[in-house]
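Engineer: Have a look at this one.
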Amino acid sequence: MHELSIAVAVVEQVEEAVREQGRAVASLTLRIGELAGVVPEALDFSFGLATEGTALAGSRLLIETVEARGRCEGCGREAPTGMPPVLWCAGCGRPLTLLSGRELEIVRVTLADEPLDAWGTVDGKRDGLPGGKGADDGPRPAPSGLPVRDEEASHVPHR
């Protein structure tokens, strides 16, 4: 279940981004493409585990699904690829260039009014363990990979 490693990476990156704010996270919005290979229900479950003892503990995970779309370079037709994806043009049979559907992005972080404690958590524990795994080794570095965007998303999720 790679959703757990994705959830942990997202939580670590958001914690690093909001550390100086001194407030807990109320909600987090992710934009995930249909072809990203992420099962939303598994990610939601993993997110709950990954946020224990962090600034995101108790926060709400919102997922925006991005439809997979492709464009034919031959005839210019643009269309959804579907699931499983059809990566050739229904009109002329040429291969499609994928335009969207592989996204995995942090879109929005909403902070709560509640301040964090001295450990940078809501409940005084780090990593969900009493005393906290890594509680004595200072701040953890942010993982690389997922972009953090400070913008409103205009995409409406679909299913």
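Bear in mind these aren't lab numbers, they're just calculated from the coordinates by the rules spelled out. Worth saying up front: this structure is predicted, and the values here are computed from it rather than measured. Heads up, the Cβs are rebuilt from the backbone with ideal geometry, glycines too, and the neighbour counts pull from every protein chain shown.
Engineer: How would you order 60-66, 75-81 from highest to lowest mean count of nearby Cβ atoms within 10 Å? Working shown, then result.
Structural biologist: Details: 60-66: 18.0, 75-81: 14.0.
Top of the packing list down: 60-66, 75-81.
Engineer: Still on this structure, please answer the following. Of Gly33, Val66, Val14, which is farthest on the positive side of the dipole of segment 1-67, counting Cα position, with +1 on Lys and Arg Cβ, -1 on Asp and Glu Cβ, and the Cα centre as origin?
Structural biologist: Result: Val14, furthest along the dipole toward the positive end.
Engineer: In nm, to one decimal, how far is the Ala26 label point from the Cys75 one, both placed 7 Å along Cα→Cβ?
Structural biologist: In this crude label model, Ala26 to Cys75 measures out at 4.9 nm.
Engineer: Is there a quick way to get the dipole size of segment 1-58? I mean about its Cα centre, with the Cβ of Lys and Arg at +1 and of Asp and Glu at -1; what is the value in debye to the nearest 20?
Structural biologist: On the way: 3 positive and 9 negative charges, 33 e Å.
Result for segment 1-58 is approximately 160 debye, rounded to the nearest 20.
Engineer: Separate question: Which net charge results when you count Lys and Arg as +1 and Asp and Glu as -1 among the other residues whose beta-carbon is under 13 Å from that of Gly93? Show your work: numbers first, answer last.
Structural biologist: Values: positive: Arg77, Arg94; negative: Glu73.
Around Gly93, the surrounding residues sum to +1.
Engineer: What order, most packed first, do the peptides 31-38, 105-112 have when packing is the mean number of other Cβ atoms within 10 Å of each residue?
Structural biologist: 31-38, 105-112
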